[in-house]
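Reading through the structure tokens given below for one structure.
The values are calculated or read from the model by the stated rules, or taken from the named source; none is laboratory data. Bear in mind that the values here come from a model prediction, so they are computed numbers and not experimental data. Because the Cβ atoms are built from the backbone with ideal geometry, glycine has one as well, and the counts that use them run over all protein chains shown. Just the protein is used for accessible areas: all its heavy atoms, side chains included, with ligands, DNA and RNA removed. Shrake-Rupley method; radii C 1.70, N 1.55, O 1.52, S 1.80 Å.
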Amino acid sequence: MREKSLESSLTFRLAEANVSIRNEVIRLAGLAALCRHFEPELSEKISNEVLDPLLSKYLSIE
């Protein structure tokens with residue numbers, strides 16, 4: 001019984017962490033979009049190297 005409770009607790013914590021990660025990826029996407037106005041080349045590099053993989057992994061956007 002204790003193992004099931006621990007498993008449920010860990011599953012809940014992972015779900016909470018996933019929500020937090022998704023929110024941070026969305027914030028990062030907003031910052032990258034804002035940077036396009038000031039530093040288009042740097043913004044493009046950040047999007048390609050950092051943001052796109054995170055969007056694919058955590059938001060299922062390709």
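So what J values fall out for region 4-12 if you push phi through Karplus, 6.51 cos²θ - 1.76 cosθ + 1.60 with θ = phi - 60°, rounded to Hz, Gly and Pro as x?
5, 5, 5, 4, 5, 5, 5, 4, 5
Which ³J(HN,Hα) values, rounded to whole Hz and listed in residue order, are derived for region 20-31 from phi using the Karplus coefficients 6.51, -1.76 and 1.60 in 6.51 cos²θ - 1.76 cosθ + 1.60 with θ = phi - 60°, glycine and proline given as x?
Taking θ as phi minus 60°, the curve returns 5, 4, 4, 4, 5, 5, 5, 4, 4, 4, x, 5 Hz for region 20-31.
With the dipole of the chain worked out from charges on the C-beta (+1 for Lys and Arg, -1 for Asp and Glu) around the Cα centre, which of Ala15, Leu51, Ala32 lies farthest toward the positive end?
The Cα lying farthest towards the positive end belongs to Ala15.
Multiplying the sequence separation of Val19 and Glu41 by 0.36 nm and subtracting their Cα-Cα distance, what value in nm do you get?
Full extension of this stretch gives 4.9 nm more.
Would you work out the relative contact order for the chain, in percent, from Cα pairs under 8 angstrom that are 6 or more residues apart?
Relative contact order, the chain: 30 percent.
Counting only heavy atoms of protein chains, what accessible area per residue, in Å², does the chain have with a probe of 1.4 Å?
For the chain, the per-residue accessible area is 86 Å².
Roughly to the nearest percent, how much of the accessible area of the chain is carbon and sulfur, given a 1.4 Å probe?
Here it works out to 59 percent.
Would you mind computing, in nm to one decimal, how far apart the modelled labels at Leu31 and Thr11 are, each placed 7 Å from Cα along Cα→Cβ?
Those two pseudo-labels are separated by 3.4 nm.
What is the dipole size for the chain, taken about its Cα centre, with +1 at each Lys and Arg Cβ and -1 at each Asp and Glu Cβ, in debye to the nearest 20?
Computed charge dipole of the chain: roughly 340 debye.
What number does the chain give for Rg over Rh if you use C-alpha atoms and the Kirkwood radius?
1.24
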